[in-house]
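So the structure is just underneath, and the comments pick up after that.
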Amino acid sequence: MAEDDLLQSWKEIAAHLVRSERTCRRWETEFRLPVHRMDGSVRSSVFAYKTELDRWMDEILHEEKEPSSVTSRPRRTKYMAIILALSVVVVAALAVVVFRIGRPEPESRPSSANPTLAILPFTNNTGDESLDFWGNALADLLVSDLSQSRYLTVLPQDRVYFVLRDLDQFDGGAGDAIDLEQFASRAQVENIVVGNFIRAGQRFRISATVRHIPSGEGVVLPSVEARSQEEILLKVDQLSKGIKNQLLAPVDFTGRDIDLDMGSITTSSIEAYRYYIDGRLSLYNGRAVEAMESLEMAVVIDPEFAMAYSILAMCYRSLSGHEDKAEEALSRAFELSHHASLRERFYIQAYYYRTRGPSGWGPYLETCLEFVRVYPDDAYAVLFLGEIYLWIEEWDRSIEILESTIDVHVSRSHFDYLRRANCALGKYEEALAVAEAAPAERYPFQYSQQLVLNMIYDRRFEAALLEADKMLERTPGYISALMVKGDIHYYRAEWDQAEACYRELLNPVGVDWKSVRSHHDAMLRLANLYLAKGQFERALAILDQVINEVAAVGEQRWLSSFHHEKANILLAQGDLAEANAEILTALEQLERRDHVTGMLAALHSQGMILVEMGDVGGAERVADEMKAEIDGWFNPRLIRFWYDLEGRIDVATNDVGRAIEHFERAVSLMPHQYHHDGDNHAVVYTALANAYYLSGDLARAQEWYENTLSLTYGRLIFGEFYAKSHFMLGKIYEQRGMNAEAIRSYHKFLDLWREADPGVPEIEEAKRSLVALLD
């Protein structure tokens with residue numbers, strides 16, 4: 001390089017960049033500013049080249065108005081993390097803007113006409129099977145490289161795999177053996193890259209063709225030669241530039257686009273990359289243990305391989321009992337995310353914050369907003385952002401975001417989240433339309449699942465049961481169908497049939513997280529079934545078993561919810577001291593995990609327990625704590641928990657009129673029934689009904705107890721309220737002189753609790769009332 005291109009000190013480097021020396025030193029650490037040292041040691045004199053610094057500014061900081069990277073430091077606060085805005089054209093100091101997390105408006109997302117592209121596995125024409133891994137590795141490297149671009153929409157490699165698997169073409173293993181038109185139609189891309197590689201001595205020649213499927217045209221790119229396997233990593237950049245030039249011509253975006261060197265954003269180790277590819281393929285095939293072993297080798301060989309740590313964390317999270325390892329791997333990926341491409345950096349950081357639970361929702365939302373702003377067509381970016389809006393009950397926003405790419409690189413979660421958001425708004429037909437739009441060849445049960453849910457919401461149980469049986473005929477043992485079939489029998493009070501379905505789910509095949517979770521879900525369904533029958537001791541025994549199982553495998557993230565569930569059953573049983581002990585255990589675990597939404601729900605239960613114990617002052621302190629948490633939280637709709645608890649405190653202090661006002665506010669903030677694992681409508685409905693009953697307004701009390709009976713998933717996890725609503729309706733009908741209706745209600749209650757634990761006071765009262773009415 002020319003002598004005038006050389007900068008020989010931090011002072012000269014800082015002057016060239018128009019930044020302080022301190023900022024430049026930090027940029028070297030955080031953003032890999034291209035600074036060299038005389039002898040390679042940290043303390044030696046530094047030098048840099050102006051051309052390298054200028055190129056780095058173009059690539060990393062972009063031009064004016066281009067987005068910056070999301071900082072890689074975690075934020076554990078309820079405020080937005082710092083957003084970096086670095087400008088090249090306009091020389092300015094670094095501006096740091098801190099703003100309160102609340103309900104941030106996403107920036108308008110430009111409609112994109114980016115070329116869509118898939119890269120298929122390359123064909124190994126060397127005759128050496130030991131080189132087969134390069135077929136997938138070359139495709140993966142090109143995806144990583146080209147995905148940096150803001151002007152291309154590149155199909156992620158996991159999506160490529162799943163499309164090939166769905167088409168039963170994955171074993172073909174190479175682009176020249178694949179029906180490209182069929183693949184393009186299924187993957188929803190217009191351009192496909194196919195290629196091959198051969199070897200002459202130690203040299204490798206890599207050839208690729210860009211095919212535009214609608215026109216049938218193909219452009220053969222100049223071959224790339226590498227003198228060794230190690231050099232292939234360096235040649236990928238050359239190949240990807242050729243692809244980009246074909247797809248983006250005649251407009252030259254390359255000067256403004258993001259295109260870092262491949263060795264700097266993946267790994268420079270061939271062996272590490274080989275293990276990484278093997279691990280990803282194993283994970284795609286559902287072999288999480290094999291994937292884990294391969295990825296562990298990858299990060300041993302290259303301890304700074306960020307994406308390998310990220311995928312390894314997924315493996316750990318998919319296997320029960322690996323919670324600590326998952327945390328360690330993901331934290332390491334987060335720390336190293338500056339080594340990944342910008343797109344992958346966003347992904348790693350979003351995934352990291354996502355796994356923090358509610359305490360990470362702030363930076364998760366911020367990261368997702370920035371991810372979508374930079375890459376508006378990225379399926380994961382849109383999915384993550386739609387998900388966080390679903391979590392904070394911004395259902396309209398969730399739908400708007402998710403619908404923006406529903407026709408591009410769809411995933412099952414896209415449809416699941418869209419369906420759930422529509423259901424929460426009471427738009428059940430819209431949810432069904434979403435399910436119907438899902439490609440049946442990829443998601444054969446989306447429509448059937450939503451159809452049966454809609455039938456359940458409408459209480460068309462016979463039709464729903466037929467639909468569940470159809471799913472089981474197509475796929476015997478299908479977990480979701482068995483679960484929903486058990487739910488239907490549960491709602492029809494067909495206890496034995498419901499129990500049979502739930503027990504069939506207790507022994508799922510496999511040891512992965514989903515299988516273990518399905519087992520625990522079935523256990524919870526059984527506990528709630530026994531609760532609905534008035535069998536509190538059996539329900540508690542199930543919860544104790546689940547708690548012991550979860551503790552044994554070390555899945556701490558589940559324990560708090562099970563202790564909370566046990567506290568609710570003890571409250572329903574009337575064992576207030578034990579209920580309070582269980583809820584305190586749940587709160588301690590939730591506080592340790594900084595799980596805000598879980599804390600709010602548990603505090604609500606604690607307040608209910610304290611009211612029943614006669615500790616009104618304690619309940620008021622809990623209500624104050626809840627209010628303070630909700631006021632600083634993302635989702636103001638959660639104030640419904642506070643209104644409900646305040647209403648219970650009002651009842652305890654004999655202010656029934658005010659209690660009704662509070663309960664009605666709580667009801668007004670309830671979503672529609674939307675979650676297949678249960679909603680909590682029954683708790684609030686029966687509280688309002690009881691307040692009307694205490695006020696003497698029997699007609700309104702009757703209305704709200706009947707509303708409770710009309711619930712399905714709104715009462716799934718609070719089965720005792722359904723039976724007790726029949727009991728209370730018997731009392732109301734009796735007091736209103738509606739004796740025939742009272743007799744029917746008492747009979748229904750006693751039938752529901754015919755196998756209940758002895759000594760239940762409502763049973764004795766119902767029997768006495770029934771005898772008096774029948775005299």
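So which pairs qualify, if the first residue must be in region 695-723 and without any contact (Cβ under 8 Å) to a residue 60 or more places away in the chain, the second must be crowded, with 24+ Cβ neighbours inside 10 Å and of a type in the set (Lys, Arg), the Cβ gap must be under 9 Å, and the two must be at least 6 apart or on different chains?
Correct list of pairs: Thr708/Arg715; Leu709/Arg715; Phe721/Arg715.
For the list (1) closer than 26 Å to Arg658 by Cα; (2) open to solvent by less than 10 Å² (accessible area, probe 1.4 Å); (3) over 36 Å from the mean Cα position of the chain (by Cα); (4) among the aliphatic types (A, V, I, L, M), I need the number of the one condition that Ala682 fails.
Here Ala682 meets the rest and fails (3).
Tell me which residues, restricted to region 158-175, are in a helix (DSSP H, G or I), at pLDDT below 60 and surrounded by 15 or more Cβ atoms within 10 Å (Cβ to Cβ).
Gly172, Gly175
Gly386: assigned to a helix (DSSP H, G or I), at pLDDT below 90 and either touching a Gly at 6+ places or on another chain (Cβ under 9 Å) or open to solvent by less than 10 Å² (accessible area, probe 1.4 Å) (or both), yes or no?
Against the criterion (assigned to a helix (DSSP H, G or I), at pLDDT below 90 and either touching a Gly at 6+ places or on another chain (Cβ under 9 Å) or open to solvent by less than 10 Å² (accessible area, probe 1.4 Å) (or both)), Gly386 does not qualify.
Which numbered condition trips up Met297, out of (1) under 22 Å from Arg274 (Cβ atoms); (2) touching a residue at least 40 places away in the same chain (Cβ under 8 Å)?
Unmet condition: (2).
Restricting attention to region 111-140, which residues are among the polar types (S, T, N, Q), out of contact with any Phe, Trp or Tyr (no Cβ under 9 Å at 6 or more places or on another chain) and part of a helix (DSSP H, G or I)?
Ser130
Please list, ordered by first then second residue, the pairs with beta carbon atoms under 7 Å, 6 or more apart or interchain, first in region 205-228 and more than 24 Å from Ser185 (Cβ to Cβ), second of a type in the set (Asp, Glu).
Short answer, once both residue conditions are applied: Arg205/Glu225.
So Ile198 ticks every box in (1) closer than 17 Å to Lys235 by Cβ; (2) surrounded by 17 or more Cβ atoms within 10 Å (Cβ to Cβ) but one. Which box is left unticked?
Tallying (1) closer than 17 Å to Lys235 by Cβ; (2) surrounded by 17 or more Cβ atoms within 10 Å (Cβ to Cβ), Ile198 fails exactly one: (2).
Looking at region 539-555, I want the residues that are open to solvent by 10 Å² or more (accessible area, probe 1.4 Å) and have a partner that is part of a helix (DSSP H, G or I) and modelled with pLDDT of 85 or more with Cβ atoms under 6 Å, at least 6 apart or on another chain. Which pairs are those?
Pairs that qualify, where the first residue is open to solvent by 10 Å² or more (accessible area, probe 1.4 Å) and the partner is part of a helix (DSSP H, G or I) and modelled with pLDDT of 85 or more, are Leu540/Ile569; Ile542/Met523; Ile542/Leu526; Ile542/Ala527; Ile547/Phe562.
Among the listed residues Arg317, Arg343, identify the single one that is part of a helix (DSSP H, G or I), at pLDDT below 90 and under 22 Å from Asn285 (Cβ atoms).
Arg317
Could you go through region 668-680 and let me know if any residue there is assigned to a helix (DSSP H, G or I) and either of a type in the set (Lys, Arg) or closer than 25 Å to Ala527 by Cα (or both).
No, every residue in region 668-680 fails to be assigned to a helix (DSSP H, G or I) and either of a type in the set (Lys, Arg) or closer than 25 Å to Ala527 by Cα (or both).
Yes or no, residue by residue, for (1) buried (at least 21 other Cβ atoms within 10 Å of the Cβ); (2) without any contact (Cβ under 8 Å) to a residue 40 or more places away in the chain:
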| site | (1), (2) |
| --- | --- |
| Glu327 | no, yes |
| Ala333 | yes, yes |
| Leu336 | yes, yes |
| Arg343 | yes, no |
| Tyr347 | yes, yes |
| Arg354 | no, yes |
| Ser359 | no, no |
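Among the numbered conditions (1) open to solvent by 20 Å² or more (accessible area, probe 1.4 Å); (2) closer than 19 Å to Val651 by Cα; (3) more than 35 Å from the chain's Cα centre (by Cα), tell me where Glu706 comes up short.
Checking Glu706 against (1) open to solvent by 20 Å² or more (accessible area, probe 1.4 Å); (2) closer than 19 Å to Val651 by Cα; (3) more than 35 Å from the chain's Cα centre (by Cα), the one that fails is (2).
A quick yes/no check of all residues on (1) touching a helix residue (DSSP H, G or I) at 6+ places or on another chain (Cβ under 7 Å); (2) open to solvent by 50 Å² or more (accessible area, probe 1.4 Å); (3) without any contact (Cβ under 8 Å) to a residue 60 or more places away in the chain; (4) within 26 Å of Ser725 (Cβ to Cβ):
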| residue | (1), (2), (3), (4) |
| --- | --- |
| Ala572 | yes, no, no, yes |
| Ala579 | yes, no, yes, yes |
| Val596 | yes, no, no, no |
| Met599 | yes, no, yes, no |
| Leu610 | yes, no, yes, yes |
| Gly618 | yes, no, yes, no |
| Phe641 | yes, no, yes, yes |
| Glu646 | yes, no, yes, yes |
| Ala659 | yes, no, yes, yes |
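The values are calculated or read from the model by the stated rules, or taken from the named source; none is laboratory data. Just so you know, these numbers come straight off a predicted model, no measurement behind them. A quick note on method: Cβ atoms are made from the backbone with ideal geometry, for glycine too, and the neighbour counts reach across all protein chains shown. Surface areas here come from the heavy atoms of the whole protein model, side chains and all, with no ligands, DNA or RNA. Shrake-Rupley method; radii C 1.70, N 1.55, O 1.52, S 1.80 Å.
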